[in-house]
Amino acid sequence: MSKYKVTKAVIPVAGLGTRFLPATKAMPKEMLPLIDKPVIQYVVEEAVEAGLQDILMITGRNKNALENHFDRVAELEMNLELKGDKDRLAKVMASSELANIHYVRQGDPRGLGHAVLRGKAHIADHSFALLLGDDVMDSRDVLLSKMLAVHEATGENVVALMEVSPDQIHLYGCAVTEGEVEDGVVRITGLVEKPKNDEAPSNLAVVGRYVLRPKIFEILEETAPGRGGEIQLTDALMTAAQHPERAGGVLGVVFKGRRYDTGDKLDFIKATLRLGVDREDIGQELRTWLHEFNNEI
Ligand code: G1P
């Protein structure tokens, strides 16, 4: 097995979801459904699809619903079985059979870098994938498997990049890059967490997928609080980019597919519609309705 073969994924889900209040007052934001599946299930399915069966979720208070979602529900299963409702039974069972999921709590939330550090004991000395729970990548577009292949071949840290409009870059980690290493893969020489739009060095945003060497933990441990007083993963990656001899350099895979920021209200609605129009059960009717609706507004 290659030294850089990845089998584990980390998914931080401790965020409070304040942008979706009051819906997220008593429910984790990751449980909001895109049509009929909670956001978190799309993210776990993406990891499993890329061959990562071992998943560690970094959770926090009020996140019990996530654990319940990926667990068996004997009573519901029995009820559906008695009714002979095989379709629904399969849907209920799917999430509990999807992957081998572990949980660790973040305790006091001190930023994404701090959340990732909570995975140190579970990950030990293997490379791992990191998937942010708010970002849903359309399963019809390839990203994570390409990032894993680049990591396996080079042993470098890999982040997903997307071009965003210059007025949006302040919402993201922003990358400074130098020429293409191969088609769609660039070397990253610098990173800044959420720069002001007019100070951003590029319009290439880091979007929530990373493949990291375990050495990143050492760097995170010595990373001082950065933007917002939080320990930023972006800052640790900047150190890696500048000192490739420590933890490998940083490469960016430029993603041109469909990404949904489910932490954003407008993007959430767009995601529902984009996925909805291609669904077998409701797609045709939704398309027809959307055309009619378009004439109304
Ligand atoms: C985090 C990261 C940021 C990255 C973004 C992608 O920010 O800190 O570098 O660009 O995720 O979604 P957050 O959106 O959690 O504030």
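We did not get these values from a lab; they are worked out from the coordinates using the rules stated. Everything numeric here is computed off the predicted structure, so don't read it as measured data. Cβ placement follows ideal geometry from the backbone for every residue including glycine, while neighbour counts extend to all protein chains displayed.
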Quiz item: Separation of segment 84-109 and segment 160-188 by C-alpha centroid, Å?
Solution: 34
Quiz item: If you place +1 on the Cβ of every Lys and Arg and -1 on the Cβ of every Asp and Glu, how big does the dipole about the Cα centre of the chain come out, in debye to the nearest 20?
Solution: 580
Quiz item: Expressed in nm², what is the orientationally averaged projection area of the convex hull enclosing the Cα positions of segment 1-78?
Solution: 7.0
Self-check item: segment 159-234: trypsin sites (Lys or Arg not before Pro) falling in loop per DSSP and having at most 11 other Cβ within 10 Å
Solution: Lys196
Quiz prompt | Length released on extending from Asp85 to Arg110, taking residue separation times 0.36 nm less the Cα-Cα span | solution = 4.5 nm
Practice problem: Would you mind giving the three semi-axes, in whole Å and largest first, of the ellipsoid equivalent to segment 163-297 according to its Cα gyration tensor? | Solution: 36, 16, 15
Exercise. Specify, per residue and in Å³, the volume enclosed by the convex hull of the alpha carbon atoms belonging to the chain.
Key: 162
Quiz prompt | Rg to Rh quotient for segment 1-130, alpha carbon positions, Kirkwood Rh | solution = 1.01
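By how many nm would the segment from Lys146 to Val277 grow when fully extended, if each residue of separation counts as 0.36 nm and the alpha-carbon distance is taken off?
Gain on stretching Lys146 to Val277: 44.5 nm.
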Quiz prompt | DSSP loop GluC sites (Glu not before Pro) with at most 15 other Cβ within 10 Å: longest gap in the chain | solution = 1-221
Quiz item: So, in Å, what gap is there between the alpha-carbon centers of segment 46-63 and segment 249-297?
Solution: 24
Quiz prompt | FRET efficiency estimate (nearest 0.05) - Cβ-Cβ, Leu171 to Gln284, R0 30 angstrom | solution = 0.30
Quiz item: Hey, what's the per residue convex hull volume over the C-alpha atoms of segment 227-295, in cubic angstrom?
Solution: 161
Quiz prompt | Radius of gyration, Dmax [segment 99-235; alpha carbons; angstrom] | solution = 15.1, 44
Quiz item: How much length, in nm to one decimal, is gained on full extension between Val48 and Glu199, taken as 0.36 nm per residue of separation minus their Cα-Cα distance?
Solution: 50.6 nm
Quiz item: In whole angstrom, and with the biggest value first, how far do the Cα coordinates of segment 77-120 range along each principal axis?
Solution: 48, 17, 13
